[in-house]
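S.K.: Just passing along the structure, written as structure tokens.
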Amino acid sequence: MYANYRRYIRSISGASAVEFALIAPVFLFLIAAVVGYGLMFLTAISLQQLGADVTRATIGGATQGEKANLADGLLTSATNEYVLIDNTRVQVDVDYDLGNEMTVVHLQYDITGHPIEIFRGILPMPENTFHVRQTISEHAL
């Protein structure tokens, strides 16, 4: 009986399965973190680019109302140009600062229903609204 016990202790069959069972949760968590945060950063960068394009589009407007119409027009025409951004969930506010002759565009994007939501509860994620603020100077040099 003692010989069978010694053979059982020295046996390495199944060691790989045990090692995999110990390492797999950590590895899967790291993969989920890379994918989840990659989606989050891709969405944030796409929203930043959308904000820059919307802000550039407002330069042609003479009044704040015209600037807002130009911003809305670009937002509706660029429906599939930005990765992971649903333009119907983007809110645009356009302000004009007379003192500094600058147009300020503020975008808010609601990520409810976005693929990022899959990772909520697994990873610490930001709030449900992304904010982008862009300015463009209209001061003639």
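The values are calculated or read from the model by the stated rules, or taken from the named source; none is laboratory data. All values reported here derive from a predicted model rather than from experimental measurement. Neighbour counts are summed over all protein chains in view; Cβ atoms, including those assigned to glycine, are modelled from backbone coordinates with ideal geometry.
S.K.: Out of contact with any Cys (no Cβ under 8 Å at 6 or more places or on another chain), modelled with pLDDT of 90 or more, loosely packed, with under 10 Cβ neighbours inside 10 Å and of a type in the set (A, V, I, L, M): is that true of VAL92 in this structure?
M.R.: So VAL92 fails the test.
S.K.: So which residues in the range 1-40 are touching a helix residue (DSSP H, G or I) at 6+ places or on another chain (Cβ under 9 Å) and at pLDDT below 85, if there are any at all?
M.R.: Answer for the range 1-40, where residues must be touching a helix residue (DSSP H, G or I) at 6+ places or on another chain (Cβ under 9 Å) and at pLDDT below 85: there is none.
S.K.: Any residue at all in the range 51-61 that is at pLDDT below 90 and more than 19 Å from VAL94 (Cα to Cα)?
M.R.: no
S.K.: Would you confirm whether or not the range 56-72 contains a residue that is under 19 Å from the mean Cα position of the chain (by Cα), surrounded by 14 or more Cβ atoms within 10 Å (Cβ to Cβ) and of a type outside the set (S, T, N, Q)?
M.R.: no
S.K.: Which residue pairs have Cβ atoms closer than 9 Å, lie 6 or more positions apart in sequence or on different chains, and pair a first residue in the range 66-86 that is touching a residue at least 40 places away in the same chain (Cβ under 8 Å) and at negative phi with a second residue that is of a type in the set (Phe, Trp, Tyr) and surrounded by 18 or more Cβ atoms within 10 Å (Cβ to Cβ)?
M.R.: Here the result reads ILE85/TYR109, each pair linking the range 66-86 to a residue that is of a type in the set (Phe, Trp, Tyr) and surrounded by 18 or more Cβ atoms within 10 Å (Cβ to Cβ).
S.K.: Of all the residues that make up the range 74-131, how many are within 15 Å of the chain's Cα centre (by Cα), outside any loop (DSSP other than H, G, I, E, B) and among the aromatic types (Phe, Trp, Tyr)?
M.R.: So the answer is 3.
S.K.: Mind checking which residues of the range 44-59 are out of contact with any Ser or Thr (no Cβ under 9 Å at 6 or more places or on another chain), farther than 12 Å from LEU107 by Cβ and touching a residue at least 12 places away in the same chain (Cβ under 8 Å)?
M.R.: ARG56, ALA57
S.K.: Looking at SER46 and the list (1) outside any helix (DSSP H, G or I); (2) at pLDDT 85 or above, which single condition is not satisfied?
M.R.: It is condition (1) that SER46 fails.
S.K.: Looking at the range 95-111, which of the residues that are surrounded by 13 or more Cβ atoms within 10 Å (Cβ to Cβ) and polar (S, T, N, Q) is nearest to GLU127 (Cα to Cα)?
M.R.: Per the criteria, the residue is GLN108.
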